[in-house]
Amino acid sequence: MTENDITLTVNGTEHDLTVEPRTLLVHALRDELGYTGANVGCESSLCGACTVDMDGDAVKSCTVLAVQADGTEIETVEGLAEDDEFHPIQEGFQKEHGLQCGYCTPGMMMTAKDLLERNSSPDEGEIREALEGNLCRCTGYQNIVNAVEFAADRMDADTAEDVAADGGTATIDDSDVGRTEGQ
Amino acid sequence: MSMDTIEADEVDVSDVLGSAIERREDPALITGEGTYTDDIQDPEMAHMAVLRSQYGHAEIESIDTSEAEAMDGVIAVYTAEDIEETGTPGDLPVGWLLPNLKTPSHPILAKDRVRYQGDGVAVVVAEERYVAQDALDRIDVEYDRLDAVVDPKAAVDESAPQVHEWEDSDVQSNQAFDWEIGDGDATDEAFENAAHTVSVDLENQRLIPNAMEPRATVAEYKPGTEELEVFMTSQNPHLHRQLMSAVLGVPEHKIRVVAPEVGGGFGSKIHHYPDEALTSWCSMQLKRPVKWQATRSETYLTDAHGRDHITHGELAMDEDGTITGMRVKTYAGMGAYLSTFAPAVPTYLYGTLLSGQYDIPAIHCNVIGAFTNGAPVDAYRGAGRPEAIYVVERLVTLGAREMGMDPAEFRRQNFVPSDGFPHETPVAVVYDSGDYEPALDKALEMVDYEALRERQAELREDGRYLGIGFSSYIEACGLAPSELAGQLGAQAGLWESGLVRVHPTGKVTAFSGTSGHGQGHETTYAQIVSDELGIPYDDIEIVEGDTDEIPQGMGTYGSRSAAVGGSALVTSSQKVVEKARKIAAHLLETGEEDIEFENGEFSVTGAPERSMTIQEVAQQAYLAHNMPEGVEPGLEETSFYDPDNFTFPFGTHVAVVEVDPESGEIEFEQYAAVDDVGNQINPKIVEGQVHGGIAQGIGQALYEQAVYDDNGTLVSGSMQDYAVPKAEHIPHMDTDDTVTPSPHNPLGVKGVGEAGTIAAPQAVVNAVTDALSPFGVDHIDMPITEEKVWRAVNESEEGS
Ligand code: FES
Ligand code: FES
């Protein structure tokens with residue numbers, strides 16, 4: 001089988017690797033590069049456990065070929081926390097008991113991040129709709145919804161703090177607001 | 001009601017038990033650091049894939065593996081013959097026997113015949129996962145297809161295709177067992193004398209557990225020491241070690257089974273499947289680590305399915321609506337082979353719960369177990385109890401309707417009264433403690449019942465159909481005691497071990513034989529041990545899921561962990577305190593009886609300034625320079641806790657739905673749950689378990705069903721065709737509780753893991769049928785799809 005040389009930038013680190021044309025992004029991340037945070041629940045784009053961020057969009061990494069991802073910037077759950085500080089979404093999942101076995105959680109959080117980047121204060125219906133492609137078998141979703149709400153509030157508060165620190169200049173990029181397409 | 005979690009350091013030791021402390025499991029899981037079985041990598045690792053029968057029933061004429069073997073990267077291809085040649089036993093044992101149970105042989109690879117779609121036929125081991133999968137296509141199997149049977153009732157008909165041939169029996173039949181419980185004569189008499197009777201024919205459909213993490217195994221055989229190390233998706237590593245030892249012929253003490261992070265189980269990861277034995281066997285042959293990771297489609301085909309009952313139930317009442325008898329006949333599908341605990345599920349775990357929350361003087365239940373050409377059926381969340389309560393709560397709802405009584409009041413009238421405990425039922429169990437009315441009252445309050453009934457009447461005038469459905473459930477948790485289980489056919493004990501080790505530093509490691517997979521044991525067990533020892537929560541570490549570290553164990557299922565596993569840790573902790581008390585008394589130069597122990601401190605009665613902390617005692621216990629006579633150095637204790645009885649959690653759930661009779665659409669308006677699970681170690685975790693359970697119950701009520709066609713082909717073989725509910729399908733749930741401690745264990749806990757799944761299905765079905773009562777609809781089988789609603793309405797309108 002032919003092989004391809006590709007470059008993936010994962011959580012800010014550039015990796016060169018060689019993959020078969022059919023290698024799925026999720027397998028390249030997990031098996032070749034050791035980013036095992038994204039989980040495989042179905043390999044058929046139905047469960048969302050493998051969701052990662054690719055160039056700013058949440059994608060199911062079991063439906064993207066590694067070669068298609070050549071040259072992209074990928075963010076996985078391993079890249080969510082910064083300087084040992086949990087991302088507000090991680091904090092929300094912990095505080096609201098938004099996970100039990102944790103298998104769906106990395107994908108849930110990456111989808112939630114995508115949602116909150118598009119819509120900073122979603123209501124319950126919008127959150128449930130955004131999570132449409134992510135299955136959880138343990139939590140009944142309620143605490144996941146609460147976790148996303150928690151994160152939205154926290155991020156709002158953080159933005160407000162930033163605004164105050166900047167002397168009142170808003171730093172929200174509203175070009176993204178209102179975009180609704182899911183993945 | 002929703003509560004917030006608190007950080008552990010905000011809680012005083014004396015309050016740690018019962019606090020909603022946030023889970024210590026979470027940091028690893030939310031950063032991607034947790035290690036699930038498939039995360040384990042090793043450059044030496046080979047990959048196994050299983051060739052599975054695509055037919056439900058067929059003779060294997062021949063298997064040609066040569067082309068697959070010749071492929072680049074393929075290391076070996078094995079069939080049943082290869083396993084036989086090595087003299088490996090290779091047959092999965094049945095872990096629960098019933099009188100006159102037929103136990104067919106269940107080889108880990110099918111030899112002459114495949115009996116369900118997914119039955120393993122051959123395995124490939126290759127250098128890479130993709131290559132192993134590719135090679136499966138190059139194995140040429142010639143099959144001669146046979147007729148199949150998938151319906152449990154049809155299967156026991158004489159003319160049905162036979163799933164097994166019984167060499168030791170003259171009778172060729174798919175009947176696995178014929179089991180009964182209760183008093184048939186007394187029940188017949190109750191029906192003869194009844195003023196009113198109702199009956200229902202219902203199906204409790206086949207379900208697929210769908211843990212989000214598919215099953216997986218990594219096995220490494222070490223020829224030097226002849227040790228086999230198995231990392232796997234297990235709810236009960238010790239049990240897997242024991243069963244695997246029997247299948248592989250490797251002594252138990254040479255096998256180590258580890259359950260790393262496990263992505264949900266719901267019963268499906270209790271049982272011993274062929275796959276983990278095959279992975280291990282391949283590693284033994286090849287002397288290198290081998291990994292097998294199921295695909296989602298494999299889990300649909302081969303994870304033990306749940307439920308699969310066809311039931312006729314009847315209820316007898318006197319003229320004022322007091323229940324006088326219940327009669328139940330059930331055909332239970334077992335699938336093609338008997339899975340590990342399968343025989344117990346539709347018998348002792350089902351028939352013994354048919355009294356529900358009610359004082360019923362006479363009950364009789366007969367269950368026929370049937371082999372079919374489907375995947376083996378075994379315990380799935382609730383295991384037997386959801387099936388039982390579904391029958392009871394459907395009958396009680398119909399009973400109320402027959403009597404023209406309010407369904408809540410009908411229940412109240414027939415509840416076991418609060419002063420009636422312990423309560424012995426006619427189906428062989430004794431309820432430990434209960435108080436059913438307060439839970440019902442609270443649930444009525446939560447939905448504002450009276451106003452709701454008024455609104456229901458008003459809406460009906462406008463042609464809108466609101467339905468209110470009750471489910472007053474009971475469950476039996478923490479299967480026990482071992483002696484009784486043994487009498488009933490269990491091939492294992494049902495105790496649990498706990499080891500509490502106080503280190504010289506005063507910090508603690510506690511080991512439990514249970515094995516959590518999302519339940520948060522590391523948090524709750526640390527709360528338990530902290531409370532008993534008075535040592536700060538953060539100084540306590542919990543170890544689970546590794547047979548080399550933990551003395552012995554039985555695992556996590558049947559909501560046994562807190563009640564049995566937690567109690568073992570309490571017992572061990574108490575033994576630690578008693579030993580420490582001896583040492584403290586010696587060092588403080590007083591008699592043991594004069595030593596008080598509170599919040600981690602030993603002090604002399606009446607002289608509180610003469611005291612030492614348990615940490616100081618631990619240090620002295622290891623220094624051992626000055627020990628009381630006859631007391632060994634060190635401070636650790638083990639116990640094997642065997643419970644006296646099951647525990648019986650209960651509660652009332654109410655579903656409120658609106659049904660559109662034209663389109664068949666069902667919309668939730670409210671879902672209220674009041675659960676009494678005894679004392680709560682961590683209420684936030686309890687709430688989470690309730691939520692998850694309800695979601696699975698709603699899944700059964702409205703969406704999920706494993707469907708085979710007449711050839712035994714699984715039609716619902718992917719997430720595309722089997723509806724695992726999504727966030728939009730599950731309503732907001734209001735949860736609350738009452739607390740009636742169990743008198744049978746030192747924690748007073750009852751267990752919560754299965755409550756929601758047992759409670760929810762009939763809450764929803766009762767709500768939908770309540771909504772449709774103006775159309776004369778009495779019953780609709782689950783899953784209640786829009787089409788079924790539409791049909792029920794149209795057929796009954798036609799009929800009326
Ligand atoms: S594994 Fe990618 S969506 Fe399920
Ligand atoms: S937490 Fe287990 S699947 Fe979501």
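The values are calculated or read from the model by the stated rules, or taken from the named source; none is laboratory data. What you see is a predicted model; the values in this text were computed from it and never measured. So basically every Cβ, Gly included, is an ideal-geometry build from the backbone, and we count neighbours across all protein chains shown. Accessible surface is based on the protein model in full, side chains and every heavy atom, while ligands, DNA and RNA are left aside. Shrake-Rupley method; radii C 1.70, N 1.55, O 1.52, S 1.80 Å.
Over chain B, what relative contact order in percent results from Cα pairs under 8 Å that are six or more residues apart? List each step's numbers first, then the result.
Working: 2018 pairs, mean separation 125.8, N = 800.
With pairs under 8 Å counted, the relative contact order is 16 percent.
Calculated [222 nm] ellipticity per residue, helices only, for chain B: -8000 deg cm²/dmol; basis is -39500 (n - 2.57) per DSSP H run with n ≥ 4, divided by all residues, nearest 500. Based on Cα contacts under 8 Å between residues 6+ apart, region B:192-246 shows a relative contact order of 21 percent. The interface between chain A and chain B buries about 4500 Å² of solvent-accessible area in total (1.4 Å probe, ligands and nucleic acids excluded). Beyond 49 Å, what share of the Cα-Cα pairs of the protein assembly as shown is found? Please give it as a whole percent. I get 24 percent for the Cα pairs in the protein assembly as shown exceeding 49 Å. Over all other residues within a Cβ to Cβ distance under 15 Å of B:TYR337, the charged ones net out to -3, with Lys and Arg as +1 and Asp and Glu as -1.
Give me the number: length gained by fully extending B:ASP462 to B:ASP140, i.e. 0.36 nm times residue separation minus the C-alpha to C-alpha distance, one decimal in nm. List each step's numbers first, then the result.
Details: separation 322, 0.36 × 322 = 115.92 nm, distance 6.41 nm.
Answer, rounded to one decimal: 109.5 nm.
Which FRET efficiency value, to the nearest 0.05, do you get for B:ASP406 and B:GLU795 by plugging their Cβ-Cβ distance into 1/(1 + (r/R0)^6) with R0 = 30 Å?
Values: r = 27 Å, r/R0 = 0.90.
Once rounded, the FRET efficiency stands at 0.65.
Counting only Cα atoms, region B:666-777 measures 52, 37, 25 Å along its principal axes, largest extent leading. Counting charges near B:GLU669 (Lys, Arg +1; Asp, Glu -1) among other residues having Cβ under 10 Å from its Cβ returns a value of -1.
Give the carbon-plus-sulfur fraction of the accessible surface of chain A in %, rounded to a whole number; probe 1.4 Å, heavy atoms of protein chains only. Please list the in-between numbers first.
Numbers: 3190 of 7440 Å².
Accessible surface attributable to carbon and sulfur in chain A totals 43 percent.
In terms of packing, defined here as the mean over residues of other Cβ atoms within 10 angstrom, the peptides B:472-479, B:334-341, B:128-135, B:222-229 line up highest first as B:472-479, B:334-341, B:128-135, B:222-229.
Modelled spin-label separation between B:LYS222 and B:ASP185, with each label point placed 7 Å from Cα along the Cα-to-Cβ direction: 6.4 nm.
Give me the percent of accessible area attributable to carbon and sulfur for region B:555-634, probe 1.4 angstrom. The partial results should precede the final answer.
On the way: 1590 of 3620 Å².
About 44 percent, which is the carbon plus sulfur part of the accessible surface.
Surface analysis of chain B yields an accessible area of 34 Å² per residue, using protein heavy atoms and a 1.4 Å probe. The separation of region B:584-627 from region B:727-755, counted between C-alpha centres, amounts to 39 Å. Computed from backbone phi, the HN-Hα couplings of region B:665-680 come to 5, 10, 10, 6, 9, 8, 9, 10, 10, 10, 10, 10, 10, x, 4, 10 Hz, rounded to whole numbers (Karplus: 6.51 cos²θ - 1.76 cosθ + 1.60, θ = phi - 60°; Gly and Pro given as x). Label-to-label distance, B:HIS312 versus B:GLN162, with points set 7 angstrom from Cα along the beta-carbon direction: 2.7 nm.
Indicate, rounded to the nearest 5 percent, the antiparallel portion of the DSSP beta bridges found entirely in region B:304-441. Of all bridge pairs located within region B:304-441, approximately 55 percent are antiparallel.
Highest mean packing comes first when the peptides B:540-549, B:348-357 are listed by Cβ atoms within 10 Å, giving B:348-357, B:540-549.
Give me the inter-chain shielding for A:125-132: mean count of other chain Cβ atoms within 10 Å, whole number please.
3
Using the 1.4 Å probe convention, the accessible area of chain A works out to 41 Å² per residue with neighbouring protein chains retained. An ellipsoid equivalent to region B:301-375, defined through the eigenvalues of its Cα gyration tensor, has semi-axes of 30, 11, 9 Å when rounded to whole angstrom and sorted largest first. Judged by the gyration tensor of its Cα atoms, with axes a ≥ b ≥ c, region B:511-599 is prolate; a/c meets the 1.5 cut and a/b is the larger of a/b and b/c.
Quick check on packing: order B:501-510, B:394-403, B:138-147 by the mean number of other C-beta atoms within 10 Å, highest mean leading.
The peptides rank, most packed first, as B:394-403, B:501-510, B:138-147.
Starting from the 7 Å offset along Cα-to-Cβ, what nm value, one decimal, do you get for the label separation of B:SER66 and B:GLU786? Between B:SER66 and B:GLU786, the label points sit 5.6 nm apart.
With the cut-off at under 14 Å, measuring from each backbone N in region A:71-101 to a point 7 Å along the Cα-to-Cβ line of A:HIS15 picks out A:71-79.
Just to confirm the filter: which GluC sites (Glu not before Pro) across region B:265-350 are DSSP coil and have at most 14 other Cβ within 10 angstrom of their Cβ? Let's see the in-between values first.
Working: sites: B:GLU276, B:GLU298, B:GLU314, B:GLU319; in loops: B:GLU319.
Those that pass, being in a loop and sparsely packed, are B:GLU319.
Rg and Dmax of region B:194-318, based on Cα coordinates, read 20.2, 75 Å.
Taking only the C-alpha atoms of region B:562-621, the Rg (one decimal) and the largest Cα-Cα distance, Dmax (whole number), read 12.4, 38 Å.
Over all directions, how big on average is the projection of the convex hull of the alpha-carbon atoms in chain A, in square nanometres? Present the calculation step by step, with values, prior to reporting the outcome.
Numbers: hull surface 43.4 nm².
Answer in nm², one decimal: 10.8.
With the gyration tensor restricted to C-alpha atoms of region B:213-255, the semi-axes of the equivalent ellipsoid amount to 18, 13, 7 Å, longest first. Taken residue by residue and averaged, Cβ atoms of other chains lying within 10 Å of the Cβ of B:696-704 number 1. For chain B, pairs of C-alpha atoms spaced more than 49 angstrom apart make up 21 percent of the total.
Beta bridges from DSSP with both residues in region B:36-153: antiparallel share about 100 percent, rounded to the nearest 5. Simple point charges give the picture: +1 on the Cβ of Lys and Arg, -1 on the Cβ of Asp and Glu, and for region B:44-99 a dipole about the Cα centre of about 380 debye. Computed with a 1.4 Å probe on the full set of protein chains, the accessible area for B:ASP157 sits at about 80 Å². Report, in debye and to the nearest 20, how large the dipole of region A:33-166 comes out about its Cα centre when Lys and Arg carry +1 and Asp and Glu carry -1 on their Cβ. Charge dipole, region A:33-166, about its Cα centre: 840 debye, nearest 20. Among the residues of region A:78-96, those with an accessible-area drop of 20 Å² or more from chain alone to full protein complex, heavy atoms and 1.4 Å probe, are A:GLU78, A:PHE86, A:GLN90, A:GLN94, A:LYS95, A:GLU96.
Could you check how much of the accessible area of region B:672-715 is carbon and sulfur, as a whole percent, using a 1.4 Å probe? Present the calculation step by step, with values, prior to reporting the outcome.
On the way: 410 of 880 Å².
On region B:672-715, the fraction of accessible area on carbon and sulfur atoms equals 47 percent.
Taking 20 Å as the cut-off, the amide N atoms of region B:281-314 that come nearer than this to a point 7 Å along the Cα-to-beta-carbon line of B:GLU192 belong to B:314. Bridges between two residues of region B:501-660, per DSSP, are antiparallel at a rate of about 70%. For the residues of B:30-42, the average number of beta carbons from a partner chain within 10 Å of their own beta carbon is 6. Here region B:567-707 is described by how far its Cα atoms reach on the three principal axes: 83, 36, 26 Å, from widest to narrowest.
Suppose every Lys and Arg Cβ carries +1 and every Asp and Glu Cβ carries -1, with no other charges. What dipole size does the protein assembly as shown come out with about its Cα centre, to the nearest 20 debye?
Working: 59 positive and 181 negative charges, 469 e Å.
It comes to approximately 2260 debye.
Principal axis extents of the C-alpha atoms in region B:1-135 (largest first, rounded to whole Å): 68, 50, 31.
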